[in-house]
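To start, the structure itself, in structure tokens.
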């Protein structure tokens with residue numbers, strides 16, 4: 001069974017590498033010459049390089065300050081990351097690329113854009129004001145082996161909106177939106193108002209609606225009746241901003257590892273978490289398809305751009321009245337769009353935004369534009385009609401069962417031949433009781449044993465179903481309880497004996513007191529009679 005799974009995974013990676021190499025070749029020899037000839041990069045998007053095609057899937061987090069973006073990343077990774085700051089006010093004042101690295105640390109923005117192995121070089125065009133607010137946090141986390149996450153500054157509201165960031169914030173968002181695989185907009189259940197800057201940010205993401213998911217965070221802070229009203233208000237607000245008939249997928253939950261304040265919707269939150277994590281797990285598998293899709297969108301835009309530039313060139317006089325004609329052409333750009341649409345049978349949705357195009361055109365000398373080159377456009381048509389179709393046939397069908405990333409929160413997971421009542425995840429260590437002669441768990445052992453005797457019905461061990469109800473009384477998320485079960489079930493048989501149950505209850509109380517759950521079980525927390533037993537390590 002496992003050899004078959006590994007073979008399937010190898011075949012998938014071979015197909016992915018072949019598709020990526022094909023995309024590089026198509027772009028370099030067919031698209032790039034047309035983009036360069038018609039100044040596409042100066043109007044729309046910088047040229048693509050090999051790092052853009054080779055990059056891991058990116059997740060972009062966007063939201064107003066104090067909506068839990070940084071905490072969401074911590075919850076996803078189950079650990080802190082270098083450079084993170086969490087607080088009620090705007091604490092994340094920079095773009096942070098959270099990526100995998102064997103050596104943990106922070107890479108400043110100016111050094112980051114010079115790394116040829118990373119895809120951030122085009123960001124240097126936003127200047128030092130942005131680069132001073134950009135960094136990469138390298139983290140040795142298994143989750144980041146398959147994906148990378150972009151944390152963004154909290155979007156401002158009220159008086160804070162008047163503060164100038166010093167760089168083109170919306171432009172940076174647009175750059176990332178073109179290249180990421182998933183855009184997650186976070187909302188706080190207590191703060192649904194969409195500020196002017198947030199509205200502009202969402203509008204900047206238009207054209208990438210297929211990448212956007214919504215998270216209604218901190219939903220455990222309100223009761224079920226209030227949650228129903230908040231959800232309705234959120235959908236109403238989003239409808240005004242997105243202006244589309246389709247309903248955006250909204251995930252409801254509290255993405256942190258603390259006990260739930262109102263646990264009436266605990267099952268809903270767990271199900272929503274699983275749906276979201278499953279979506280994120282699929283990103284590496286669908287990465288090649290996303291790159292294909294984005295290249296097709298870029299090719300269609302580049303083709304229309306060539307038509308626009310060549311038509312403007314054709315309409316310009318040879319000698320006199322050039323400036324007046326230029327102003328007229330810019331003013332009548334919508335008419336030119338309709339002319340191109342009818343003449344070349346181009347879809348209206350392929351045209352760039354009129355106002356933005358008018359702004360760009362006002363800065364250029366139309367005499368430097370080039371006339372139409374049918375051969376270049378034929379190459380794009382050939383690419384879309386033949387080359388892309390061949391690559392599409394090579395993309396494996398969507399499959400997420402053997403994910404490259406380790407996001408397992410709340411799922412019942414195999415442990416040998418048994419099941420854990422919670423999904424196993426990982427966390428940070430604690431050193432309580434280190435160096436003491438007696439096992440620290442014994443301090444409250446009598447109360448733990450009384451619970452064990454009540455639940456066990458004279459059985460030497462508790463099954464998952466027996467222990468689960470008691471552990472759920474803590475109101476801790478299933479993700480946290482799963483870590484506790486993993487550590488307490490030292491012999492990994494899917495059951496807890498008296499010592500293991502006492503250890504589980506101790507760890508529950510540690511978490512409820514504000515402590516951290518260890519990633520690996522420290523030796524001083526192992527029950528004395530199990531010192532020679534093997535226990536799970538990462």
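The values are calculated or read from the model by the stated rules, or taken from the named source; none is laboratory data. Since we're looking at a predicted model, the values are computed, not measured. Cβ sites come from the backbone with ideal geometry, for glycine too, and all protein chains shown count toward neighbours.
Output the residues belonging to the stretch 452-488 that are over 23 Å from residue 274 (Cα atoms) and touching a helix residue (DSSP H, G or I) at 6+ places or on another chain (Cβ under 6 Å).
The answer is 452, 455, 462, 466, 488.
Identify all residues within the stretch 207-225 that are over 17 Å from the mean Cα position of the chain (by Cα), at negative phi and surrounded by fewer than 19 Cβ atoms within 10 Å (Cβ to Cβ); write none if there are none.
Across the stretch 207-225, the qualifying residues are 221, 222, 223, 224, 225.
Among (1) at pLDDT 90 or above; (2) assigned to a helix (DSSP H, G or I); (3) more than 23 Å from the chain's Cα centre (by Cα), which single condition is residue 11 missing?
Checking residue 11 against (1) at pLDDT 90 or above; (2) assigned to a helix (DSSP H, G or I); (3) more than 23 Å from the chain's Cα centre (by Cα), the one that fails is (1).
Of the residues 283, 276, 295, 329, which is touching a strand residue (DSSP E or B) at 6+ places or on another chain (Cβ under 7 Å) and at pLDDT 90 or above?
It is 276.
Tell me, which residue of the stretch 350-375 that is free of Cβ contacts under 8 Å to residues at least 40 places away in the same chain and closer than 13 Å to residue 303 by Cα is surrounded by the most Cβ atoms within 10 Å (Cβ to Cβ)?
Top of the filtered list is 375.
Which numbered condition in (1) at pLDDT below 90; (2) touching a helix residue (DSSP H, G or I) at 6+ places or on another chain (Cβ under 7 Å) is the only one that residue 311 fails?
(1)
Residue-by-condition table, conditions (1) touching a helix residue (DSSP H, G or I) at 6+ places or on another chain (Cβ under 9 Å); (2) surrounded by 18 or more Cβ atoms within 10 Å (Cβ to Cβ):
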| residue | (1), (2) |
| --- | --- |
| 105 | no, no |
| 116 | yes, no |
| 120 | yes, yes |
| 128 | yes, no |
| 131 | yes, yes |
| 135 | yes, yes |
| 143 | yes, yes |
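I need every pair where a residue in the stretch 130-145 that is without any contact (Cβ under 8 Å) to a residue 40 or more places away in the chain has its Cβ under 6 Å from the Cβ of a residue that is assigned to a helix (DSSP H, G or I), sequence separation at least 6 or different chains.
Pairs that qualify, where the first residue is without any contact (Cβ under 8 Å) to a residue 40 or more places away in the chain and the partner is assigned to a helix (DSSP H, G or I), are 131/109; 131/110.
Looking at 269, 255 in this structure, which one is in contact with a helix residue (DSSP H, G or I) (Cβ under 6 Å, 6 or more places away or on another chain) and either at pLDDT below 85 or not assigned by TED's automatic domain parsing to the domain that holds residue 471 (or both)?
Selected residue: 255, the only one of 269, 255 that is in contact with a helix residue (DSSP H, G or I) (Cβ under 6 Å, 6 or more places away or on another chain) and either at pLDDT below 85 or not assigned by TED's automatic domain parsing to the domain that holds residue 471 (or both).
Just checking, does the stretch 332-347 include any residue being farther than 27 Å from residue 171 by Cα, free of Cβ contacts under 8 Å to residues at least 24 places away in the same chain and part of a loop (DSSP other than H, G, I, E, B)?
Within the stretch 332-347 (the criterion being farther than 27 Å from residue 171 by Cα, free of Cβ contacts under 8 Å to residues at least 24 places away in the same chain and part of a loop (DSSP other than H, G, I, E, B)), the answer is yes, since at least one residue qualifies.
Got at least one residue in the stretch 79-87 being in contact (Cβ under 8 Å) with a residue 60 or more places away in the chain, more than 17 Å from the chain's Cα centre (by Cα) and surrounded by fewer than 14 Cβ atoms within 10 Å (Cβ to Cβ)?
no
Looking only at residues in the stretch 244-273 that are assigned to a loop (DSSP other than H, G, I, E, B) and touching a strand residue (DSSP E or B) at 6+ places or on another chain (Cβ under 9 Å), which one is nearest to residue 202 (Cα to Cα)?
Out of the qualifying residues, it is 248.
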